[in-house]
Amino acid sequence: MNESRDEHADAAADIEAVELANTAFYEAMERGDLDELTGLWLPGDDLTVSCVHPGWPVLTGRGEVLRSYALIMANTEYIQFFLTDVGVSMTGDTALVTCTENILSGGPAEEGSSLGPLVGQLVVATNVFRRTPDGWKLWSHHGSPVLAETGEEEDEESAS
């Protein structure tokens, strides 16, 4: 009975650690902290990490993935993530996090303004983490835009 309780406590601790790693990923993006973000990805040039930003092709390899974040951070004046629908699944040393990224971002400020126009975006994301001796590290990130429903289908149905 104690063994089962210990396994449950270990699993709960793992899930909490993965949730913290996932939150740290988004917080590093919000702060524009590339050094912090770099430390959250699996280390080493021999490991294949991957990333798909909304509307981008698949990026593979640590260098290419981190360069993409440097580019995004350099061209994003402001970004804030509100995560909803967060789910964590685990098997062994791999964890899968799914979530909805409710994003508020701003581009470069116009003359005489402190912040550019704010834009809202909805993205569904999958983040895959691997357990390492240094904690849970990001192995893959995939974000896909959520296309807005137009309501035209409902209008057509009600007209029939």
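Starting from 0.36 nm per residue, how many nanometres of slack lie between Ala13 and Asp45 once their C-alpha separation is accounted for?
8.6 nm
Which whole-number percent gives the relative contact order of segment 2-148, counting Cα pairs below 8 Å spaced six or more residues apart?
22
Taking every pair of alpha-carbon atoms in segment 2-148, what share in percent sits in each 10 Å bin, from 0 to the bin with the longest distance?
Cα pair-distance distribution for segment 2-148, in percent: 11, 39, 33, 13, 4, 1, 0.
Pop a pseudo-label 7 angstrom from the Cα along the beta-carbon direction at both Leu147 and Ile72 and give the gap in nm to one decimal.
Distance between the two pseudo-spin positions: 2.2 nm.
Excluding Met29 itself, what net charge comes from residues whose Cβ is under 11 Å from its Cβ, given Lys and Arg +1 and Asp and Glu -1?
-4
Among DSSP bridges having both ends in segment 2-148, what percentage is antiparallel? Round to the nearest 5.
Rounded to the nearest five, the antiparallel share is 90 percent.
All of the numbers you see were taken from the coordinates with simple rules; none came from a lab. Remember, predicted model here, so these are calculated numbers, not experimental data. Neighbour counts are summed over all protein chains in view; Cβ atoms, including those assigned to glycine, are modelled from backbone coordinates with ideal geometry.
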